[in-house]
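A quick write-up on the structure given underneath.
Coordinate-derived values only; no laboratory data. Keep in mind that this is a model prediction, so the values were computed, not measured. In this analysis, Cβ positions are derived from the backbone assuming ideal geometry, glycine residues included, and neighbour counts consider all displayed protein chains.
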Amino acid sequence: MRFEGTLDIAAPRDRVWSFLTDPKQVTTCAPDVQSLDVTDPRHFKVVVRAGVGPIKGTFSMNVEFTELVEPGHAIVLARGQAPGSAVELRSTMDLAALDGTRTTMKWASDVTVSGMIQQVGARLMQGAADKITQQVFSCIKAKLEAPVTA
Amino acid sequence: MATEIGGIGSSVKRKEDARFIRGRGNYVDDVKLPGMLYLDIARSPYAHARIKNIDTSKALAIPGVLAVITGKDLVPLKLEWMPTLMSDRQMVLPTDTVLYQAQEVAAVVATERYIAADGVAAIEVEYEPLPVVVDPIKALQPGATLVREDREQKDNHIWHWEVGDKAGTDKAFKDAEVVVKQDIYIPRIHVSSIETCGMVASFDKINGKLTVWMTTQAPHAIRTVIALVAGHLGLSEERIRVISPDIGGGFGGKVPVYPGYVLAIGASVLTGHPVKWIEDRSENIQADSFARDYHITAELAAKKDGTMQALRVKTVADHGAFDAAANPSKYPAGLFHIITGSYPFAKSFVEVDGAYTNKPPGGIAYRCSFRVTEAAFTIERLVDVLALEIKKDPAELRMQNFIPPTAFPYTSSLGWEYDSGDYGRALRLAMEKIDYAGLRKEQAQKRAKGELMGIGISSFTEIVGAGPSKHFDILGIKMFDSCEIRVHPTGKAMVRLGVKSQGQGHETTFAQIVAEELGLPVGDIAVEEGDTDTAPYGLGTYASRSTPVAGGATAIAARKIREKAKLIAAHLLEASPDDIEWKDYKFQVKGVPAKSKTMQEVAFAAYTNHPQGMEAGLEAVDYYDPPNLTFPFGSYICVVDIDRGTGEVKVRRFVAVDDCGVIINPMIVEGQIHGGLTMGLAPALYEQITYDDDGNIQGGNFMDYLLPTAMEVPSWETAKTTTPSPHHPIGAKGVGESATVGAPAAIANAVVDALAHLGVRHIDIPITPWKVQKILKEKGVAE
Amino acid sequence: MIPAAFDYQLAKDVADAIQLLGGSGGEGKILAGGQSLIPLMKFRLTQPALLIDINRVPGLSAIKENGDLRIGALIRENDLEANPIVRQRYPILVDTAAVIADPLVRNLATIGGNLAHADPANDHPATMLALRASVVAQGPTGERVIPIDELFVDTFTTSLAPDEILTQIRIPKPGPRSGGAYLKLERKVGDFAIAGVAVMIVLDASGRVTTAGIGLTNAGPTAIRAGRAEDVLTGQTPDDKTIAEAASRAAAAAEPVSDLRGPAEYKKDVFRVLTRRAITRAIARAKGGA
Amino acid sequence: MAVEAAPATTTGTKTTGTRRMKIHATVNGQAHDVEVETRTLLVHFLRENIGLTGTHIGCDTTNCGACTVLLNGRPVKSCTVFAVQADGMSVATVEGLEKDGKLDPIQEGFHEEHGLQCGFCTPGMMITAAALLSANPDPSELQIRQAISGNLCRCTGYVNIVKSIQYAARKTRETAGGKAS
């Protein structure tokens, strides 16, 4: 399943860049994070609970920034599984500075779900993945636009 | 007299019902042993991936989880691979790469069923997904993703197999007045017997004996395979006992050896405890052997007047990650070359190529002998395509071409010798019973009003009873079958067979054969099967072979007993054996019917008063090597109505005329036909397993794999003709699979017939409402 | 096949259930019929920490009529289908209950669960939209009535608060000359809908439609009301043309997904066909036909 | 109906319920008091705790009906009910059909009309038939097919199952009519 979109974020590009590429910050927008374990700046493990309504899987995700090209291009590959199911998320993000205070982020992500969740919930997959992806990216926008507290 | 003793031809009520109707059946999951542990299996969500790490720590931390077995643990025991029945090999557990979704990856052994399931949920496997190939046609093209890295041959081609006169056939096609060609895809389906597969394995460390209760249709063959796989661990064949208890339906799905069996045995040997493994339905559908999945291109050459001359068929067979089909070893495409069916093609040529894909392994029967439904469906669809091409009534075209009754035994251009047949008689009876002419009139009237009604015919010829030892073996073991009969002093008998019923009623039908041959009441004859410590060696029950092969062994074993009994009778009647004749189920002095001895009297004498110099006792065993296969046939006609708004197809009527030679028990035969027709309707309209491009199974549980309920099935109408098999001891041919072979084509032909006036020639099964709707829209006749 | 472990608590009454639900920190689930919840638990797709069994809660298992029809949330589908009041004056409810899953599941499945689960494939939501019903929700601070149009928020998500329980369904009393019908196309008995259409029609003395209700099953993330299709019928004396127009508007409102139950385009067309057939049957029933 | 909450398992978190519970259930007329895990499915309770293996498991998605039993007289799929829900209730399984050595007309019908082959779906079919006939002593073929539409059979093609239930209906009506019961 493929989703894409563009976001206008009222925040300077370097701030957006440092938010997106810092596991501790970006995972605050992941759904229902249970634990985070950063192995190195480009690799981290995060356990999330994602799903739709009562159907929820606890996924332990291995995440890797496969491409980091300062200041505006990043690709992240997240692969994880829950009992009997597996999910893979590949997202590309491209940042363009509109001006000193605003950035446009063009994003695209491919989500493949396989195993039990995909079979039993096949008819709900498209809707669920779309919703979760939108939540993640609007959360990133909100966090970045929030006034920088001391 | 036959009816009093319950012999051949009488509808004896089933002896095995007594336990089933009381809920006292003894299926594998009912077996409970002291100290029994439970095994459950963790499976891959990916269709092709490298296993980077298996973390079993969380699982082992659960109280009650005793062990987690992975591929690495099997390597020192040389159990990570096992042979398939088609001399390929199959992983028990992968050591580095999974090749299909739902493949076994690790096994948990725990003290309780629920704890084992918790253990499976706690196993964390790190995968690195690899490219997937699911289309066998693409798999055979150069550069395709390689499924099997463990073979020297670095491509996905398994085998090429062909039969027939290629040059002669090509010439016939060049000279033909009419040629019709049709691509036919017969989708992947699954037997889905209501009982899934399972085993209780119990290894006794003291005397080194392994006893397993398992869902197998071929207990002896399995015992030999276990000895081959685990012999080096001390599990030699005399120390293995396979018990196939009551089986909840098999249909071919319980012939193969599945990894779960080997894991349960391994776990029992390791722990010294009995270990029970019972798979869930999703595991059964997603990982156990599939059926069909044939990509066929078929061509038929004929004269303008409809005389069929030549047949040319090319097929790609999708076998998944390992060739785990259950065919006789010389026939990688089973008996597909019965595809000339009921018609005397002068020239024919068939070729099949097997391909690996990232899907579960297999290729078992699904109630259709070996690839016989694929063959019957193709020819019976192709005949209708020809009928449409030359605008001839499909019944007339069949009648004109049938192999005439006088031509039998008939040798087909693909090398089969059909034992007997009378195809015209069966079709005529079916046409009478359903009022074919009246239906055509009704169809015309309906068509005038824009209503869509179809009439479909299928006049199939089947090939069962594998088979003559000249050509038929499985892993080298010849496909004979066996029967051992022992008559007790009080005239009761114990019969033991090398086959194993999964619902076909052997305890009744085989008792009837012995009743007929020995004149003993059927109620006095006990029949046992499935325990390799007591039953004579046999190749098991599938491909409708029980009656043709073990039935032959039973009749001949009984006749051996009768020969000895005759000598005893002569001794009792103080007459020469030459003056004794077996008549009206008694030994009579020729011409003096009053001087006679019953078998009971003779049996008693065999233990109390046998002639000196003769062995006491009255028993015999026979290993029957059938001289030929048997060729049941039939003509089916069905009527369908199509809802022009939703595209739904409803089978309004279905008349099935079957000929399976001499019938032992008409009631049981009719039951086999009802069940077979339903497993013919199911793939025609409802059942299919598909995979997306990532190898994710679609339809891997009963929510989406649609077994028909009582509401989707018409009230089947059946009738029979009887054309005995000349070479079988009692003239019987076997019937378990005929209806599953013949029905899909009848239904598909009926739907195409309903739309033929719109130029429709073919629709692949399953014929779903949206396939039909799409056609109705394109042709502008949708509601 | 084997659910994960959970804490179990039998609720004595509605207040007890609400208190348990409130205290579970969002990890508690109500167990009524269990015919949707337990299958998800067996696949471990949902693992509630606490199961609150309300099957013995009094007061939720009655069907009575005073003005509107009041159906207790614990009414089993088979009891709804067999109820004399329902069979006599609410044939649309009989149509709907009769096609939910299969007869054995319907001995446990409840009408409250069917609505609260908010699965777009469930059948009662569309029917309740057509009937313009409402539901009663009880929470720690008391009871409130939620019009059906405000109940379904998203797939598996309703406007019920985390500590509220759906206790009753209320259906306005159908005036004279009113009739309803529910049609569902399923691949076989026991399946979810490929498409389902509920239609409720009220006619005036001259045969003109005074109110029309059309609800669609499996037509999007939730059951949806085909408002523009209703508008075509309202105020008209229905003839083939208006019915056909209403049917195509209903199809236009539907946004089904392509899946094993067929391509989206096919489903949209089935919505058109079923809407036309359901309107025709509803009108016949409104005029006193079968 | 005594509900003794077994001591709540202290798993650190605030427990508001129990993971194990003693239940009292009457199965085929015999009372049983058994402690079960709350997650124990009714079908496993019957097969493993009570040892009645006549009720079978054929699927994992509540489709096949091989596990059908009567719960307080109503046929339900016992794979989709927790044993704790049956506390204080009566359960009837196939083993309870035969009374004092006399087969129920349904059992007789399935034998006489060859209504079974492998026998695996038969217990569920017969329990569903028993519930049907107690509600409708003279069902039409369509009503029978509707009633068993939640029970899958792979062997018989349903024709003889319908005949078996019709046989049982006739036999029950005859005996009911024959003697003033």
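Odds and ends about this structure:
- Label-point gap, in nm, between D:SER134 and B:LYS166 - each point 7 angstrom along Cα→Cβ: 6.9
- Unsatisfied cross-links (Cα-Cα over 21 Å) in the set B:LYS566/B:LYS586; B:LYS347/B:LYS478; B:LYS13/B:LYS500; A:LYS24/A:LYS143; D:LYS22/D:LYS99; B:LYS13/D:LYS171: B:LYS347/B:LYS478; D:LYS22/D:LYS99
- Longest to shortest principal axis, alpha-carbon extents of the protein assembly as shown, angstrom: 117, 81, 80
- Candidate aspartates and glutamates - alpha carbon under 15 Å from B:LYS138, same-chain residues fewer than 8 apart omitted: B:ASP155, B:ASP293, B:ASP318, B:ASP353, B:ASP692, B:ASP693, B:ASP694
- Separation between Cα centres of region C:9-62 and region B:264-286, rounded to whole Å: 34
- Cα gyration tensor category, rounded, prolate or oblate, for chain B with a/c compared to 1.5: oblate
- Rounded if a/c under 1.5, otherwise prolate or oblate - region B:697-767, Cα gyration tensor axes: oblate
- Stretched out straight at 0.36 nm per residue, the stretch from B:TYR537 to B:ASN26 would grow longer than its current Cα-Cα span by 181.7 nm.
- Region C:86-102 residues near the modelled C:LYS173 label - backbone nitrogen below 19 Å, point 7 Å along Cα→Cβ: C:86-93
- Spacing of the modelled spin labels on B:LYS391 and B:ARG652, each 7 Å from Cα toward Cβ, amounts to 2.6 nm.
- Cβ-to-Cβ counts within 10 Å put B:ASP318, C:ASP163 in ascending order as C:ASP163, B:ASP318, the fewest first.
- Dividing the helix sum by the residues of the protein assembly as shown, where each DSSP H run of 4 or more adds -39500 (n - 2.57), gives a mean residue ellipticity at 222 nm of -8500 deg cm²/dmol.
- Computed P(r) (all Cα pairs; region A:2-145; 5 Å bins; percent): 2, 10, 20, 24, 20, 14, 7, 3, 1, 0
- Region C:7-53 shape via C-alpha gyration tensor axes, a/c threshold 1.5: oblate
- Charge context of B:GLY661, other residues only, Cβ under 13 angstrom, K/R +1, D/E -1: -3
- Summary of the geometry: region C:94-131 and region B:447-475, compared by the centres of their Cα atoms, lie 42 Å apart.
- FRET efficiency, B:ASP764 to A:ASP37 (Cβ-Cβ, R0 35 Å, nearest 0.05): 0.10
- Taking θ as phi - 60° and the Karplus parameters 6.51, -1.76 and 1.60, the scalar couplings of region D:122-133 work out to 4, x, x, 4, 5, 5, 4, 5, 4, 5, 4, 5 Hz in sequence order, x denoting glycine and proline.
- Taking the centroid of alpha carbons for each part, region D:79-118 and region C:220-246 are 49 Å apart.
- Compactness relative to 2.2 N^0.38 Å, alpha carbon Rg of region D:20-96: 0.96
- Modelled FRET efficiency - R0 41 Å, C:ASN66 with C:ALA284, Cβ distances, 0.05 increments: 0.90
- Sorting D:GLU174, D:GLU113, C:GLU186 by the number of Cβ atoms found within 10 Å of their own Cβ, with the fewest placed first, yields D:GLU174, C:GLU186, D:GLU113.
- Other residues whose C-beta falls under 10 angstrom from the C-beta of D:LEU116 contribute a net charge of -2, scoring Lys and Arg +1 and Asp and Glu -1.
- Evaluated over chain C, the count of Lys pairs having alpha-carbon atoms less than 16 Å apart is 6 (only pairs 8 or more residues apart or interchain).
- Label-to-label distance for B:LYS303 and A:THR6 is 7.3 nm, based on points extended 7 Å past Cα in the beta-carbon direction.
- As a proxy for reagent exposure, C:HIS117, B:HIS762 were ordered by neighbouring Cβ count within 10 angstrom, fewest first; the result is B:HIS762, C:HIS117.
- Proximal aspartates and glutamates relative to D:LYS163, as straight alpha-carbon distance under 14 Å, when same-chain residues fewer than 8 apart are discounted: B:GLU670, B:GLU717, D:GLU108, D:GLU112, D:GLU113, D:ASP138, D:GLU141
- Pairwise FRET efficiency - B:GLU432 versus D:THR26, Cβ, R0 = 35 Å, nearest 0.05: 0.05
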